[in-house]
Amino acid sequence: MIDLRHIRYFQAVAEDLSFSKAARRLHVAQPALSRALKELEEFLGVLLVARTRRSVALTPAGIVLLHDSTLVLQRLEEAFRRAQRTAAGEEGELRLGYIGPPTQNFLGRILAEYAARFPQVSVVLEERTPERVWEMVARGRLAIGLTRPVLAHEALGLKTLLLRKEPLWAVLRKNHPLAKEDTIGWRDLSTEALVILSRREGVGLYEEIMLACRRARFTPKLACTPSLMSTVLSYVEAGAGIGIMTDSVTLLGQGGPFAFRPLVPSHSVDLVMVWSEDSDSPPALAFRQLINEAIEKRKLWIPVGTDAQKKDLK
């Protein structure tokens, strides 16, 4: 049987043009080196090295084999390194699903750190609704999702990690009478038209808002239920009503004609990381470890700013 040992022994002889030097470099006995080269020549049926008492020279066949085998071994060594990098999460592909505005506070920073640590990993991002993120993770189309809990999440059998509980805030025009208050009570919204994200786009957020209204003993008057948070802000700016969103999304309104106020009593919606153990890949493990490190160091979430900045985001 011919194996890599025969090729490496031949290369050493071909490079040094000396059996004794090659044997010393490989730390093998010279007879074993000569025997391996003879076995390779017999296997190929060609003479690779022309030997005399005073010299060693490559035959034309030996020159070709040295060139091509060097390329093959380089590719093989790179394959070994890639396999090791892949097993360590340093190479491969990471398919990440996320919901947009709630992750904008940290996702860019985390991805930049991930790229710095694992430059050989290709990251594919897919922005989807919370339900769609869960579905795609469950089907193995995404390795990790950053999303809200959904009603059927327990039935899907996926693993989750709580990233943050996001309190609900009101967004209104700065000239609205309630903008003068530091906080706004849920009951204060009973006579106001409300603008919230549609249930189809954010069932967890929608249900939490409905629950808060029920606890405040009123049925909300929904002026609009758009499918994008940016559209919620557009409706508020147009005077359609008061918007309700998580504090993370208030970053969207920076520089606009808006006032943002915490709603009391506090209600929040969860932001979670979700994954399946059945389709765990090294790049996914590395990303989850990075998220865990950020949580432990309290670097996952950067506050919007000081209380004064949060008040009007000027």
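Odds and ends about this structure:
- Residue selection: Met210 fails the criterion of being surrounded by 13 or more Cβ atoms within 10 Å (Cβ to Cβ), modelled with pLDDT of 95 or more and under 30 Å from Glu113 (Cβ atoms).
- Boolean, Leu172 is in contact with a strand residue (DSSP E or B) (Cβ under 8 Å, 6 or more places away or on another chain) and either assigned by TED's automatic domain parsing to the domain that holds Pro262 or assigned to a strand (DSSP E or B) (or both): yes
- Each residue in the range 99-109 was checked for being modelled with pLDDT of 90 or more and either assigned to a loop (DSSP other than H, G, I, E, B) or touching a Lys or Arg at 6+ places or on another chain (Cβ under 9 Å) (or both), and 3 pass.
- Subset tally (residues that are touching a residue at least 60 places away in the same chain (Cβ under 8 Å), under 21 Å from Ala240 (Cα atoms) and in a helix (DSSP H, G or I)) for the range 190-218: 1
- Of residues in the range 271-314 being buried (at least 16 other Cβ atoms within 10 Å of the Cβ), closer than 23 Å to Arg109 by Cα and of a type outside the set (A, V, I, L, M, F, W, C), the one modelled with the highest pLDDT: Arg288
Residues checked against (1) more than 43 Å from the chain's Cα centre (by Cα); (2) outside the structural domain of Ala14 (by TED's automatic domain parsing); (3) of a type in the set (A, V, I, L, M):
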{"position": "Glu41", "(1), (2), (3)": "yes, no, no"}
{"position": "Gly45", "(1), (2), (3)": "yes, no, no"}
{"position": "Leu48", "(1), (2), (3)": "yes, no, yes"}
{"position": "Arg51", "(1), (2), (3)": "yes, no, no"}
{"position": "Thr59", "(1), (2), (3)": "yes, no, no"}
{"position": "His67", "(1), (2), (3)": "no, no, no"}
{"position": "Leu71", "(1), (2), (3)": "no, no, yes"}
{"position": "Arg75", "(1), (2), (3)": "no, no, no"}
{"position": "Arg81", "(1), (2), (3)": "no, no, no"}
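- Criterion violated by Glu93 - all others in (1) surrounded by fewer than 17 Cβ atoms within 10 Å (Cβ to Cβ); (2) touching a residue at least 60 places away in the same chain (Cβ under 8 Å); (3) in a helix (DSSP H, G or I) satisfied: (3)
The values are calculated or read from the model by the stated rules, or taken from the named source; none is laboratory data. Predicted model only: the values in this text are computed from it and were never measured. Here Cβ is always computed from backbone atoms with ideal geometry, including for glycine, and neighbour counts include all displayed protein chains.
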